[in-house]
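Q: Quick one: the structure is below, questions incoming.
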Amino acid sequence: MTLIKSISGIRGTIGGKAGEGLSPLDLVKFTSAFGTWIMLRNNNSKVKIVVGRDARISGEMANKIVTGTLLGLGIDVTDIGLATTPTTEIAVTEENAQGGIILTASHNPKQWNALKLLNEKGEFLNDAEGKQVLNLAEKESFNYAQVDDLGKLSEKDYTDIHIQKVLNLPLVKKSIIENADFKIVVDAVNSVGGFVIPKLLKALGVKNITELYCIPNGQFPHNPEPLPEHLHEISRIVIEKNADLGIVVDPDVDRLAIVNEDGSMFGEEYTLVACSDYILKNKKGNTVSNLSSSRALRDVTQKHGGKYSASAVGEVNVVAMMKETNAVIGGEGNGGIIYPESHYGRDALVGVALFLTHLAEKGISCSELRKSYPEYFMSKNKIELNAGINVDDILKKVKQKYSSYEVNDIDGVKIDFPDGWVHLRKSNTEPIIRIYSEAKSVEKANDFAHQIINLVKTLV
């Protein structure tokens, strides 16, 4: 059993003893802490919280406990039922709510679930806010409402509202997509994307859709993280169906992966690159991704005359830097598109609409579009250290060693070489340094990684 408490939410496995996983008692405790924090932020006046969930098996159980706890605190609840993470984010502002809870463990396997916490803007809590919620949870000093002051429950489906908002975006061009007459295969791992993505595609004028694992019953047919090693089946079906592309989303639909017409992967890193290319072609501006994302975004941004900035890893950090630099688009290299014209959250629905518009306007195949972007290869490694090792000291020495290069230390140490980069980050939970590297070839990316690994070994 596992229970992980962090500023981004409470994540754990279902079953076992309280405190060792995401048990009903833990759901009550952390929901009470968040609800209490929301009320304190609003001077204990009447507040409303939106609750949405993905389709995982434990979702209904968790939903009843979470909504019941909020009502018990005297908080009004708008339950939007089965909904994507970005749909829940949008619902918070549409409802003029003071916060939101998304019941999803994102790409984790079916035994996991989580409370993802949103502020009144429908955005994830920052570091200070998350710590305040965790402190309230530790104290367990909650004041529940008297019987006449219990919260009120209302239910509303926001899927159609979200889809319409996507269609209303000026750079989403339904007529061009419709005229392209795309054949598309969708793999939604039997979660909420199973009904949302096909519905969006039909609204965009796509008529030929093959649905693969689109029944929202939470029975994930394969590892739900949209990585190439988990997508062999859709790759095969795209070829068999002579489809133009495949669309893959994770269980809460904030990550988007594309499969080319020949069954090859467009690449999660390049979902953001392609969408950014399209946006920047139509609107000059800046972009942001995290430090561990591909340099291809920087190249495309500079080609269009914009400025690229790298944030610390984590959606909340990307959003903060996007606001700071007035970025027109940003996101993370895991297929997460953040388009401020819509809202400040990773949104696969927005990503699908922008990508299809871009592809239709180009009038080329998916694989040809992918080849039009700078080719980079990434290598992901880690070094396991003995307990008690001062990781910060090691990172400081690495930074000094490479001080003649461009070095960014806002989140670990990232060294930019002329022909690639290496990013070292320490784990917050175990004595590990994660090492990501990127270059124009697999061999060079691996060389960068091994160069750093060998250096770290001499510093231990």
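The values are calculated or read from the model by the stated rules, or taken from the named source; none is laboratory data. Every value quoted in this text rests on a predicted model; they were computed, and no experiment measured them. For neighbour counting, all protein chains shown are included, and Cβ atoms are generated from backbone atoms with ideal geometry for every residue, glycine included.
Q: Say whether the condition of being free of Cβ contacts under 8 Å to residues at least 12 places away in the same chain, assigned to a strand (DSSP E or B) and of a type in the set (Val, Ile, Thr) is met by at least one residue in region 397-408.
A: Checked against the condition, which is being free of Cβ contacts under 8 Å to residues at least 12 places away in the same chain, assigned to a strand (DSSP E or B) and of a type in the set (Val, Ile, Thr), region 397-408 yields at least one hit.
Q: Same structure again: Of the residues 363, 345, 351, 388, which is on the phi > 0 side of the Ramachandran plot and either of a type in the set (Lys, Arg) or modelled with pLDDT of 95 or more (or both)?
A: 363
Q: Restricting attention to region 343-352, does a residue exist that is under 21 Å from residue 302 (Cα atoms), in contact with a Phe, Trp or Tyr (Cβ under 7 Å, 6 or more places away or on another chain) and among the aliphatic types (A, V, I, L, M)?
A: Scanning region 343-352, I find no residue that is under 21 Å from residue 302 (Cα atoms), in contact with a Phe, Trp or Tyr (Cβ under 7 Å, 6 or more places away or on another chain) and among the aliphatic types (A, V, I, L, M), so the answer is no.
Q: Additional query: Give region 281-291 a look and list any residue that's assigned to a loop (DSSP other than H, G, I, E, B) and closer than 14 Å to residue 309 by Cβ, or say none.
A: 285, 291
Q: So, one more: For region 15-28, which residues satisfy the criterion of being surrounded by fewer than 20 Cβ atoms within 10 Å (Cβ to Cβ) and not small (Gly, Ala, Ser)?
A: Of everything in region 15-28, those that are surrounded by fewer than 20 Cβ atoms within 10 Å (Cβ to Cβ) and not small (Gly, Ala, Ser) turn out to be 17, 20, 24, 25, 28.
Q: For residue 95, are the conditions met, namely being surrounded by fewer than 23 Cβ atoms within 10 Å (Cβ to Cβ), of a type in the set (Asp, Glu) and either over 25 Å from residue 200 (Cα atoms) or out of contact with any strand residue (DSSP E or B) (no Cβ under 6 Å at 6 or more places or on another chain) (or both)?
A: No, not satisfied.
Q: Residue 313 passes all but one of (1) β-branched (Val, Ile, Thr); (2) touching an Asp or Glu at 6+ places or on another chain (Cβ under 6 Å); (3) in a loop (DSSP other than H, G, I, E, B); (4) over 30 Å from residue 128 (Cα atoms); which number fails?
A: (4)
The rows are residues; the columns are (1) in a loop (DSSP other than H, G, I, E, B); (2) surrounded by 15 or more Cβ atoms within 10 Å (Cβ to Cβ).
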residue: 388; (1), (2): yes, no
residue: 414; (1), (2): no, yes
residue: 421; (1), (2): no, yes
residue: 424; (1), (2): no, yes
residue: 434; (1), (2): no, yes
residue: 438; (1), (2): no, yes
residue: 445; (1), (2): no, yes
residue: 450; (1), (2): no, no
residue: 457; (1), (2): no, no
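Q: If you check 317, 390, 386, which single one turns out to be in contact with a Ser or Thr (Cβ under 6 Å, 6 or more places away or on another chain) and among the polar types (S, T, N, Q)?
A: 317
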